[in-house]
Each structure stands twice: as structure tokens, then as C-alpha cells.
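Just so it is clear, none of the values below were taken in a lab; they were calculated from the coordinates. These numbers come from a predicted model, not from an experiment. Using ideal geometry, Cβ is built from the backbone for each residue, glycine included, and neighbour counts are taken over all protein chains shown.
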Amino acid sequence: MKRVSIILILSLIIIFILASLALGQQTQTAVAKYGKPKIDAQMDEVWKSANEYVTDRYVSGTKGKVAYAKFRVLWDEDGIYVWAEVYDSLLNKDNTNPWEQDSIEVFVDEGNEKASSYDNNDAQYRVNFDNYQSFGTNASKDYFVTATKKTDFGYIVEAQVKMRTRKLKEGMVIGFDLQVNDANMFGNRVGIVAWNEWDNEAWRNPSYFGNLKLEK
Ligand code: BGC
Ligand code: CA
């Protein structure tokens with residue numbers, strides 16, 4: 001083959017790889033440290049050692065214009081704990097659909113199968129800024145303990161999500177995502193911002209969740 005054709009073919013391959021990376025989204029992995037905080041929307045000492053992550057995938061709404069969260073995750077044998085600081089300048093819960101109120105959602109796939117529909121170990125939890133809980137597939141109040149607090153930047157959510165099908169152990173990787181719903185003053189949802197999902201799919205498709213690695 002002539003040198004030019006080889007260069008041409010190689011460049012096409014590189015362009016193809018770059019384009020597919022830009023279009024598809026990479027599944028993210030977060031690390032949860034071991035610890036058991038008290039669920040009261042006050043920052044316990046144990047949270048200070050946890051890594052901080054940011055919801056930075058704008059499923060709807062524009063970065064800088066809609067609410068987002070900085071969050072941390074801890075775990076113990078019974079479940080995971082979430083500390084979320086939600087930056088939201090206007091809090092509204094007028095919509096009758098809880099997912100269109102200012103709220104966060106936590107998604108858990110205990111087996112991390114990344115299947116395209118929910119099975120028994122996947123669940124969707126939601127809580128609004130006023131600590132009103134609501135539940136998607138497989139979730140219920142028996143497995144969700146929450147506290148919220150309004151702040152000058154928006155609100156804080158501290159939550160425990162208990163596992164339903166297994167005990168957690170060091171080294172396990174479970175499926176996990178965190179979503180922020182942002183309502184405007186008219187009670188319309190103007191923002192959906194997630195840590196991992198890039199389309200509004202996590203509520204029905206766990207393959208859009210990220211990974212959460214449990215470390216001690
Ligand atoms: C989604 C909504 C969906 C709801 C169902 C939310 O996470 O953003 O579009 O209707 O879940 O529980
Ligand atoms: Ca809002």
C-alpha cells in the first residue's frame with residue numbers, strides 16, 4: 001500500500017475513535033469510604049474524610065443556570081450514606097409530580113449488573129428540599145432515612161439508603177447515581193443534572209448508573 005493511503009486510513013481510524021468518545025459517555029466510578037454518620041443534616045466528623053463529587057452531566061438545563069450538587073458517599077454493612085449540598089437559588093415544590101420539585105434522587109443497583117431495566121436489586125429514591133420522600137421502582141420508606149436543611153446556597157440532604165438484598169463488604173462495587181431536579185418559580189422542572197446518567201433514563205434503565213466502590 002502506498003504511504004499516503006496508510007496515513008489516510010490511520011487518520012480516519014483516529015477521527016472515528018475520537019468521535020465515538022465524544023458522543024458516548026464514559027461510566028464514572030466514585031469511591032465511598034467506610035463510616036456511619038448520624039442522619040440530621042449536620043456534617044459529622046466522618047464526612048470530612050469522604051471524597052467530594054459533583055453532578056456535572058446536564059441532562060436538561062444549562063450549566064450555571066440550573067441547580068447542581070456537590071456530594072459525598074459513605075458506606076457500612078447495612079447501606080450507603082449520602083451528603084449532598086445542592087446549589088439552588090430558588091426552592092419550589094409546587095408541582096404535583098415529586099420529580100418536578102426541587103429534589104435529589106439516589107439510584108442504587110446492589111448487584112451492579114448494569115441491565116437495561118430494573119430487577120429486584122435496583123431502586124430509585126427521591127427526597128425534596130423539605131424532606132418529603134417519594135419512591136420509584138423497588139424503593140420504600142423502610143429503606144430510606146433522610147434529613148434536609150435549607151442554607152444560604154440552597155439546601156443540604158443527608159440520607160441513608162439501606163440495602164435490600166445483601167450486606168455490603170469492603171471491595172464491592174455497586175451501581176449508583178445521584179440526580180438533582182431543579183424547579184423554577186412556576187413549579188416547572190427546568191433542570192435535570194446527574195453525576196453519571198447523560199439522558200433522563202436512570203429511573204427506568206440502571207445501565208445508566210455509575211459505579212460506587214466501597215473502600216475502608
Ligand atoms: C425522572 C422522571 C421520571 C421519574 C419517575 C425521574 O428521575 O427524571 O422523568 O418520570 O423519575 O420516577
Ligand atoms: Ca429551584
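Descriptive notes on the structure:
- Counting only Cα atoms, the stretch 21-108 measures 39, 35, 22 Å along its principal axes, largest extent leading.
- Expected-Rg normalisation [2.2 N^0.38 Å, Cα atoms] applied to the chain: 1.12
- Checking the Cα-Cα distances for 114/169; 36/114; 33/114; 162/216 against a 24 Å cut-off, the pairs over it are 36/114.
- Computed E for residue 45/residue 150 - FRET, C-beta separation, R0 25 angstrom, nearest 0.05: 0.60
- Value of [θ]222 nm, deg cm²/dmol, for the chain, DSSP H segments ≥ 4, -39500 (n - 2.57) each, nearest 500: -3500 deg cm²/dmol
- Cα-derived Rg over Rh, computed across the stretch 161-216 with Rh taken as Kirkwood radius: 1.10
- Principal axes of the stretch 106-216: Cα extent on each, largest first, Å: 41, 27, 24
- Backbone HN-Hα couplings from phi across the stretch 61-69 [Karplus 6.51/-1.76/1.60, Hz, Gly and Pro as x]: x, 10, 4, x, 10, 10, 5, 8, 9
- Comparing 49, 11, 134 in a Gaussian network model of the chain, where Cα atoms under 10 Å apart are tied by springs, the biggest mean-square fluctuation is seen for 11.
- Only Lys, Arg (+1) and Asp, Glu (-1) charged, at Cβ; the chain dipole about Cα centre in debye: 640
- Model label points for residue 27 and residue 115, set 7 angstrom from Cα along the Cα-to-Cβ axis, are 1.4 nm apart.
- In order along the stretch 179-186, the Karplus-derived 3J(HN,Hα) couplings, from 6.51 cos²θ - 1.76 cosθ + 1.60 at θ = phi - 60°, round to 10, 10, 9, 10, 9, 8, 5, 8 Hz, and Gly and Pro are given as x.
- Unit charges at the beta carbon, dipole of the stretch 103-151: most positive-side option, 112, 137, 147: 147
- Using alpha-carbon coordinates, inclination of helix 3-23 to the longest axis of the chain, degrees: 10
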